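Visitor: Shown below is the structure under consideration.
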Amino acid sequence: MRKTFLLLGTLCAAVYASAQSMPAEHHHHHDDADRTLGRVSFPTSCAARSQGPMEHGVALLHSFGYTQAEMQFRAIAKDETGCAMAHWGVAMTKYQELWGEPESAALETGEEEMAEARRLAAPPAVVTGREQAYIGALSAFFDPKDATFQQRADAYEAKMNALHAAYPDDVEGAAFDALAILAAESPTDTSLSHEHEALAILIPLFEAHPDHPGLAHYIIHTCDTPALAPEGLQAAREYAKIAPASAHALHMPGHIFARLGMWQEDIDSNVASVKASEKAEAAGQPGAAHQMHAKEFLIYAYLQVGQDQKAKELTDDMRSVGRRMEAMPGMDDMKHGGNRLDNEVRAVYGIEMHDWKTLAVETPAPGSKEYLKFETYWGQGVAAGHLKDTKLAASALTEFDKGVEALKKSPYASRISSMEVERNEMVGWQAFAENKPEEAATAMRKAADQQDKLGQGEVDIPAREMLGDLLMMEKRLAAALVEYKMALKLSPNRLNGLLSAGMAAEQDKKPEEARAFYTSAARQTDFGKTSQRTDIAHAVKMVGTAETAMNN
């Protein structure tokens, strides 16, 4: 989950520009029949005509439709100049809680909007105590001049905890409190205490309010880690039905489906999200750029079911999609994420397909910021180990470390711990290339242990699976099989995990175990009908041979 936060933070870095150039959204009442974003209740002291639009804006917030939400709240503020909570709403779009730390422009806008909210809420204005609590909570995040992000997040969480305690029947307050708890978690905190605290709020409320978008959404994010993924399955199955108008809501179930190895469900979820984004793009509406994140998930899922060509087409196309999103007029969520995703999916595709020669010469997407080049050099480092290319291993690590230094100076410095796993993987492959097997295994095991604690991203290559690969190449078959099995427990139904475990068992003269892994891989890929991979063909052949022997 933590790596996902870093990813989305870098995707959204440039979205924090001034919204003054954005067109105003049509300001109209959203009546009870309009439930395409789910059902929320957010009464305010603003005029009756603003009630529906305010709830629409809050529903957009719950599905991270930040660009549209900002347009909505600004339209309300323009229409009703005395509505304090409209300014609270604009500021809420600047603290994108699970997508990274606000940059200076976002902090400045948030501070200005909250100052205006406080001014409008001051006597003689008649504003409820609940509204004052919302304004006070978000002011605690934006007001401090020199506070760190963690200090701001902690202050907001404390105020939201108090709001939830004071107004226990406010479902929106409970949902936003759970989100604040998640957002205040330190990147190095592996205890899952914040997740359990959030779930204690979210799960009972979701049972009572099964059509609430925020509750379903935040359960998925809370459970977006191997240890908790099963607890998020019910919310994953429901969220897209609750908010079918949101491309992000259509995508989010894929986070849990990917964690649980439910690849067809993952594919269906993200295909629907891409269609919704493309519809928004055709209509010139915000939400178009969400397709890049959905396609990232699709590439990974297609690779797990042996649909190699579909994965390759999407991988090759990511750069042009990113450029098209960047060139769109106006603002859009994730609009500037193309380079980061392009670098990532090319590395992942190359590693998954074992295309070491192509991976070795891959270069970052043109125009990538230094701290967005990580994945390219990580891919080179992995390739270098398999190719026994010591020169490439060294140069890739040098370039990777440049990215680490750049990250330290960026708004995402607190996310540096998530890079340590990839760096240790690269150190392991470098040692392997240098014929230092014990050093290689030690470094790779360190990476695997770190990843087990920090949590693996949904489109990551498991470090423990890489450790198995390394041990296989060192002819330590039994040890490799142990690591593959453990990796498959944390990342169920990963195709390369199944194939590699089958190969380790086969070579270690464990035919029954080998057959079980090969059978899973064969069935998962429709018996290799859409793949040219030789290892899938081998699995299919072994399954067929074993079945023939059993029938005879």
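The values are calculated or read from the model by the stated rules, or taken from the named source; none is laboratory data. As the structure is a prediction and not an experimental result, all values here were calculated from the model. FYI the Cβ positions are ideal-geometry reconstructions off the backbone, even for glycines, and counts take in every protein chain you see.
Visitor: Scanning for something surrounded by 24 or more Cβ atoms within 10 Å (Cβ to Cβ), of a type in the set (Ser, Thr, Tyr) and within 22 Å of the chain's Cα centre (by Cα), does region 345-356 turn up at least one residue?
Guide: yes
Visitor: Sticking with this one: Those residues that are in a loop (DSSP other than H, G, I, E, B), farther than 22 Å from LEU215 by Cβ and of a type outside the set (S, T, N, Q), I need them from region 54-90; list them, please.
Guide: Correct list: GLU80, GLY82, CYS83.
Visitor: Output the residues belonging to region 114-136 that are of a type in the set (D, E, K, R) and under 10 Å from ALA84 (Cα atoms).
Guide: Correct list: GLU116, ARG118, ARG119, GLU131.
To keep it simple, each residue is scored yes or no on (1) closer than 28 Å to PRO187 by Cα; (2) acidic (Asp, Glu); (3) in contact with an Asp or Glu (Cβ under 6 Å, 6 or more places away or on another chain).
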{"site": "GLN430", "(1), (2), (3)": "yes, no, no"}
{"site": "PRO437", "(1), (2), (3)": "no, no, yes"}
{"site": "ASP452", "(1), (2), (3)": "yes, yes, no"}
{"site": "GLY455", "(1), (2), (3)": "yes, no, no"}
{"site": "MET472", "(1), (2), (3)": "no, no, no"}
{"site": "ARG476", "(1), (2), (3)": "no, no, no"}
{"site": "VAL482", "(1), (2), (3)": "no, no, no"}
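Visitor: Against the definition (without any contact (Cβ under 8 Å) to a residue 40 or more places away in the chain and closer than 21 Å to GLY261 by Cα), how does TYR349 come out, yes or no?
Guide: Criteria not met by TYR349.
Visitor: How do the pairs read when you match residues in region 255-281 that are closer than 17 Å to VAL305 by Cα and free of Cβ contacts under 8 Å to residues at least 60 places away in the same chain with residues anywhere that are among the β-branched types (Val, Ile, Thr) and not in a helix (DSSP H, G or I), using Cβ under 8 Å and keeping only pairs 6 or more apart or on different chains?
Guide: Within 8 Å, the pairs are GLN264/VAL305; ILE267/VAL305.
Visitor: Give the residues of region 282-309 that are without any contact (Cβ under 8 Å) to a residue 60 or more places away in the chain, over 17 Å from the mean Cα position of the chain (by Cα) and under 30 Å from ALA521 (Cβ atoms), sorted by residue number.
Guide: TYR302 - this is the single residue of region 282-309 that is without any contact (Cβ under 8 Å) to a residue 60 or more places away in the chain, over 17 Å from the mean Cα position of the chain (by Cα) and under 30 Å from ALA521 (Cβ atoms).
Visitor: Additional query: Any residue at all in region 475-487 that is over 19 Å from ALA448 (Cβ atoms) and β-branched (Val, Ile, Thr)?
Guide: no
Visitor: If you don't mind, another one. Looking at HIS248, is it in contact (Cβ under 8 Å) with a residue 40 or more places away in the chain, in contact with a helix residue (DSSP H, G or I) (Cβ under 7 Å, 6 or more places away or on another chain) and buried (at least 22 other Cβ atoms within 10 Å of the Cβ)?
Guide: For HIS248, the condition - in contact (Cβ under 8 Å) with a residue 40 or more places away in the chain, in contact with a helix residue (DSSP H, G or I) (Cβ under 7 Å, 6 or more places away or on another chain) and buried (at least 22 other Cβ atoms within 10 Å of the Cβ) - is met.
Visitor: Looking at this structure, is PHE142 within 26 Å of the chain's Cα centre (by Cα) and under 20 Å from GLN72 (Cβ atoms)?
Guide: yes
Visitor: ALA413 is checked against (1) farther than 21 Å from VAL345 by Cα; (2) in contact (Cβ under 8 Å) with a residue 12 or more places away in the chain and fails just one. What number does that condition carry?
Guide: Unmet for ALA413, out of (1) farther than 21 Å from VAL345 by Cα; (2) in contact (Cβ under 8 Å) with a residue 12 or more places away in the chain: (2).
Visitor: Just one of ALA48, ALA86 is out of contact with any strand residue (DSSP E or B) (no Cβ under 6 Å at 6 or more places or on another chain), surrounded by 16 or more Cβ atoms within 10 Å (Cβ to Cβ) and at pLDDT 95 or above; which is it?
Guide: Only one candidate qualifies: ALA86.
Visitor: How about region 299-331: which of its residues are in a loop (DSSP other than H, G, I, E, B) and under 26 Å from GLY528 (Cβ atoms)?
Guide: VAL305, GLY306, GLN307
Visitor: Shifting gears a bit: Return the residues of region 91-135 that are farther than 21 Å from ASP333 by Cα and part of a loop (DSSP other than H, G, I, E, B); say none if nothing qualifies.
Guide: Hits for region 91-135 are ALA122, PRO123, PRO124, ALA125, VAL126, VAL127, THR128.
Visitor: How many of the residues in region 333-390 are under 29 Å from LEU60 (Cβ atoms) and either among the hydrophobic types (A, V, I, L, M, F, W, C) or at pLDDT 95 or above (or both)?
Guide: 6
Visitor: Would you mention how many residues in region 522-546 are loosely packed, with under 15 Cβ neighbours inside 10 Å and closer than 13 Å to GLN309 by Cβ?
Guide: So the answer is 2.
Visitor: List the pairs whose first member sits in region 429-445 and is under 19 Å from ALA396 (Cα atoms), whose second member is not in a helix (DSSP H, G or I), and whose Cβ atoms are under 7 Å apart, counting only residues at least 6 apart or on separate chains?
Guide: That search, which allows pairs on different chains as well, returns ALA433/LYS388; ALA433/ASP389.
Visitor: Here is a follow-up. Go through region 275-293 and count every residue that is assigned to a helix (DSSP H, G or I), aliphatic (A, V, I, L, M) and buried (at least 23 other Cβ atoms within 10 Å of the Cβ).
Guide: Here the count works out to 2.
Visitor: Something else now. Of all residues being part of a helix (DSSP H, G or I) and of a type in the set (Phe, Trp, Tyr) in region 136-186, which is surrounded by the most Cβ atoms within 10 Å (Cβ to Cβ)? Just the residue, please.
Guide: Once the filter is applied, the top-ranked residue is PHE141.
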